[in-house]
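Report on one structure; see the data block that follows.
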Amino acid sequence: MANQKTDRADDGVHSASTGFQATPTNFRAIPAVATPGRPGRAGIPLADPALDRIARKLDRGDRLDFADGVAAFHTNDLAGLGSLADREKSRRFGDEVYFVLNRQINPTNACVLDCRFCDYAKRPSDVTHYALTIDEILGRLSPELREVHIVSGLHHEWRFAHYVEIIRQIRRAFPDITIKAWTAVEIDFFAKIEKISVEEVLSTMQDAGLDSMPGGGAEVFSERVRQELFRHKIGADRWLAIHGIAHRMGIPTNATLLYGHIETIEERVTHLLRLREAEETAPGFLAFIPLAFQVGHSGIVERPAGAVDDLKTLAVSRLLLDNIPHIKAYWVMLGEETASLGLNFGADDMDGTVQEEKIAHAALAAGPLGIARERLVALIRGAGKVPVERDALYRIIRRYERDAPGNGMVRP
Ligand code: SF4
């Protein structure tokens, strides 16, 4: 499947099944307008000359480059970096921060692959593996949800038709839930077991009800790391090609980076720049989610990245990915407090209620299994932002205005 620890779209991007229409504004870099006194310049004095150089480039509307990305990761001026990233976020979305009422479904943990960092998957011969029936999957959903996020192991016996049937029956039973399902790793697997093209896989899934794809499985675009940690899984070129095909077919997708293991800062920056380039070629990324590696039982590293690295990664992602609209502070992996802090480091999204995440938790993720809507609203407000409930395609459901009745909580 995807990424072991997750989980989780220029004109011309259109999903026929949802009516979603991405606009050029969603996906194009927004030129900066020089405004004397903005945070990151005169608002918060920048202590690091490298950040000042980056701020000047942003003011001129220049694109940041590889050296800028590396310098931003190495800065000691965390507050200055955060103020720059928050400025870029605010230019797009003001004080708004998005979340979604969603549920994650992981249909099986049986997997034919053997990624070294994966604490979730079980070998087919392991009798402790599980496989949900379609009725069990339907039983985990309810009509008030706005998104179902489905990622799975690569099951040794399930055929492509079974995966299609999962989507078809969810669509039939819950016509109003947006279905975000199957990473590029799974799409590649389906094409191989069914001996059909990626286009045929995606077209069949679209007909069944698929709305969008999650961004897992990218890990880090480094052949060195792939050989070390996930050598039997698809690499960067295949992952990017599948997302490009999806975008051209009108299926918006997300993108991820798994960081905090054996990758270098340079490899992280390269990963971000390849995503930016891919978005130029075939627009359709909705959101980027940096995924903090959960150490779990893998033995790959001794400790997780830490809050400073988490916040830097969010901020640099916002600064480099000028053509991908949403940057997500994924609370499941960051923990609630760091994710909330991340909302002032360039993130504009906290993901959602999730409810039943198994993958990161198999690797001992710190966040709770699920979170209530009220808690998400409180965390976003605690960061000084305005909560906005959305669906998987970022169509707005409601804003939680401060002066609304019921202590600011607008109830459905
Ligand atoms: S072993 Fe399977 S479930 Fe685990 S990360 Fe690799 S492909 Fe995904």
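A compact table of results
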quantity: Some residue of region 160-169 being surrounded by fewer than 16 Cβ atoms within 10 Å (Cβ to Cβ), in a loop (DSSP other than H, G, I, E, B) and either within 15 Å of the ligand (Cβ to nearest atom) or not basic (K, R) (or both); calculated: no
quantity: Options A315, A287; residue that is more than 16 Å from the ligand (Cβ to nearest atom), under 25 Å from A191 (Cβ atoms) and buried (at least 20 other Cβ atoms within 10 Å of the Cβ); calculated: A287
quantity: Considering residues of region 213-239 that are of a type in the set (D, E, K, R) and surrounded by fewer than 18 Cβ atoms within 10 Å (Cβ to Cβ) only, the residue nearest to V185 (Cα to Cα); calculated: R238
quantity: Any hit, region 196-203, residues being farther than 25 Å from G352 by Cβ, crowded, with 24+ Cβ neighbours inside 10 Å and either of a type outside the set (A, V, I, L, M) or touching a Phe, Trp or Tyr at 6+ places or on another chain (Cβ under 8 Å) (or both); calculated: yes
quantity: Tally of residues being within 16 Å of the ligand (Cβ to nearest atom), at pLDDT 90 or above and in a loop (DSSP other than H, G, I, E, B) across region 122-146; calculated: 3
quantity: Residue within region 236-248 that is farther than 15 Å from V151 by Cβ, part of a loop (DSSP other than H, G, I, E, B) and modelled with pLDDT of 95 or more present; calculated: no
quantity: Evaluation of F190 against (1) in a helix (DSSP H, G or I); (2) more than 16 Å from the ligand (Cβ to nearest atom) (one fails), failing number; calculated: (2)
quantity: Selection count where residues are within 16 Å of the ligand (Cβ to nearest atom) and either closer than 25 Å to N254 by Cα or surrounded by 22 or more Cβ atoms within 10 Å (Cβ to Cβ) (or both), scope region 147-157; calculated: 7
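The values are calculated or read from the model by the stated rules, or taken from the named source; none is laboratory data. Everything numeric in this text was worked out from a predicted model, so none of it was measured. Cβ: placed from backbone, ideal geometry, glycine included. Neighbour counts: every protein chain shown.
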